[in-house]
Every structure is written in C-alpha cells, then in structure tokens.
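Notes follow once the structure below has been shown.
The values are calculated or read from the model by the stated rules, or taken from the named source; none is laboratory data. Just so you know, these numbers come straight off a predicted model, no measurement behind them. Cβ sites come from the backbone with ideal geometry, for glycine too, and all protein chains shown count toward neighbours.
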Amino acid sequence: MDRGSRGVLIYGPQGCGKSIMAPLIAMHLGLDTVVEFWPLNKPVPAGVLAMTSDRQMLNQGAIDYFEVLQAFVQSSDVQGVRVVEYSVSSFAE
C-alpha cells in the first residue's frame, strides 16, 4: 500500500498533544490533511490524519495516540536527543 493511500484515525485524551504533533505525524505517514474532532462512525478518507478524544473510537479502529507517538519517535532521526522516562513519583517532593 502506498503511503497516503488510506486515512488514519488516532485517539488520545484531550490535552495530550495530538494537535501539536499531528502535522509531523501526517507528514511522516505521507498524509496531506489533518482533521481534529473526527465524528463517530464516519470513515476516514485517504490522505487524512483524523484525531478524536472519544474513547469509543478505539473500538472502531482508532489507533492509540501514545502508540503512534512512540512508533514515530523510534522511527525518526532523533540524533542528539536524549529521551528519558520519568514516572509521576519522580517529581514528587
């Protein structure tokens, strides 16, 4: 399948950073359109990265944003960037 020959729907809770990262993810996937607030039960057309904060969409084929983000970071050229994982308790006083 050619890049951009299908649409992609990602789910993530409100405020998780979907909108900020969407243009980079879309470009990486060869998609030319980003749409926020994708409606329930509507197929995503080819070339579109659609985003939703409706958890029900996971049952309809949406991909979890955090899985997308992890795959994006692992496949991108991030030379010179140090990624460190912290738990919430790491910041507790």
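Some notes on this structure:
- Put simply, of 58, 69 the only residue that is surrounded by 12 or more Cβ atoms within 10 Å (Cβ to Cβ), at pLDDT below 90, part of a helix (DSSP H, G or I) and not basic (Lys, Arg) is 69.
- Out of 12, 47, 17, 7, sole residue that is modelled with pLDDT of 90 or more and touching a helix residue (DSSP H, G or I) at 6+ places or on another chain (Cβ under 6 Å): 12
- The condition of being modelled with pLDDT of 85 or more and either surrounded by fewer than 16 Cβ atoms within 10 Å (Cβ to Cβ) or assigned to a loop (DSSP other than H, G, I, E, B) (or both) holds for residue 31.
- Total residues in segment 9-49, condition on the phi > 0 side of the Ramachandran plot, without any contact (Cβ under 8 Å) to a residue 24 or more places away in the chain and in contact with a strand residue (DSSP E or B) (Cβ under 9 Å, 6 or more places away or on another chain): 1
- Residue 51 satisfies every condition listed in (1) touching a Leu at 6+ places or on another chain (Cβ under 7 Å); (2) assigned to a strand (DSSP E or B) except (1).
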